[in-house]
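Everything on this sheet refers to the single structure shown next.
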Amino acid sequence: MYAIVDVAGQQFKVEEGKKIFVHRLNHDQGETVELDQVLLIDLDGKVIVGEPIINGALVTAKVIEHMRGDKVKVFKKKRRKGYQKLSGHRQDLTQLEIESISEKGVSKKKPVEKAAVKPSAKVEEKVVAEKKPVAKVEAKTKTKVEKVTKKKTTAKTTAKTPAKKTATKKPVEVKAESKKKVVKKAPAKKAATKTTKKSSDSK
């Protein structure tokens with residue numbers, strides 16, 4: 001009987017009593033860890049495959065110790081450039097011992113029940129108080145708009161009526177006066193020219 005489990009981004013083939021090394025987990029030494037990311041279970045020839053996870057399957061393991069892996073040397077070089085660099089890395093690991101594999105396991109963690117939070121009386125009063133001024137503001141804005149529209153309509157009517165009367169009267173008077181002046185001046189000039197000609201002939 002074995003299972004394939006996803007632990008910290010890595011997949012492991014797991015059997016009861018087997019020890020594995022995984023990436024560092026945030027659990028203290030001696031604690032039990034529940035691994036619910038089970039991808040496949042083999043129950044003595046009966047294979048169950050998840051899509052991608054088997055619902056209800058559970059693998060329990062115990063944290064034995066936290067340790068570091070062997071040093072890995074990383075060497076970089078660029079030929080004919082005079083560049084080379086050597087660095088090392090040691091991965092933080094956790095050693096787990098598999099205790100049990102179950103197809104329909106029950107988690108020991110108790111689900112946290114979220115209590116329904118009712119709004120307090122103060123909150124309700126604030127909501128009501130916030131809603132009232134909105135109606136008042138709307139009423140004020142409506143009255144202001146009505147006043148402004150009334151003023152605009154009265155100003156338009158008063159501006160249109162006197163402008164038409166003054167425009168029709170003034171040009172008529174100016175034209176009549178100009179015609180009279182032209183008629184009076186024209187004969188005076190002609191008479192003056194005739195008298196000058198007669199005087200020159202007599203001489």
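General observations
- Among residues of the range 56-90, those that are out of contact with any His (no Cβ under 6 Å at 6 or more places or on another chain) and assigned to a strand (DSSP E or B), counted: 23
- Of residues in the range 27-38 being acidic (Asp, Glu) and surrounded by 12 or more Cβ atoms within 10 Å (Cβ to Cβ), the one nearest to Met67 (Cα to Cα): Glu34
- Applying a threshold of 8 Å to beta carbon distances and a minimum spacing of six or more residues, or different chains, the list of pairs starting in the range 57-83 at a residue that is more than 30 Å from Leu35 (Cβ to Cβ) and ending at one that is assigned to a strand (DSSP E or B) and of a type in the set (A, V, I, L, M) reads Lys73/Leu86; Val74/Leu86; Phe75/Leu86; Lys76/Leu86.
- For the range 42-52, the candidate set comprises residues that are within 12 Å of Glu103 (Cα to Cα) and either touching a helix residue (DSSP H, G or I) at 6+ places or on another chain (Cβ under 8 Å) or touching a residue at least 12 places away in the same chain (Cβ under 8 Å) (or both); within that set, the residue that is surrounded by the most Cβ atoms within 10 Å (Cβ to Cβ) is Asp42.
- Residue in the range 110-121 that is loosely packed, with under 10 Cβ neighbours inside 10 Å and either in contact with a strand residue (DSSP E or B) (Cβ under 8 Å, 6 or more places away or on another chain) or at pLDDT 95 or above (or both) present: no
For (1) in contact (Cβ under 8 Å) with a residue 60 or more places away in the chain; (2) assigned to a strand (DSSP E or B); (3) under 26 Å from Asp70 (Cα atoms); (4) not hydrophobic (A, V, I, L, M, F, W, C), each residue gets a yes or a no:
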| residue | (1), (2), (3), (4) |
| --- | --- |
| Lys13 | no, yes, yes, yes |
| Gly17 | yes, no, yes, yes |
| Leu25 | yes, no, yes, no |
| Leu40 | no, yes, no, no |
| Ile54 | no, no, no, no |
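The values are calculated or read from the model by the stated rules, or taken from the named source; none is laboratory data. Bear in mind the structure is a predicted one, so any value in this text is a computation, not a measurement. Methodologically, a virtual Cβ is constructed for each residue, glycine included, from the backbone with ideal geometry; neighbour enumeration extends over all protein chains shown.
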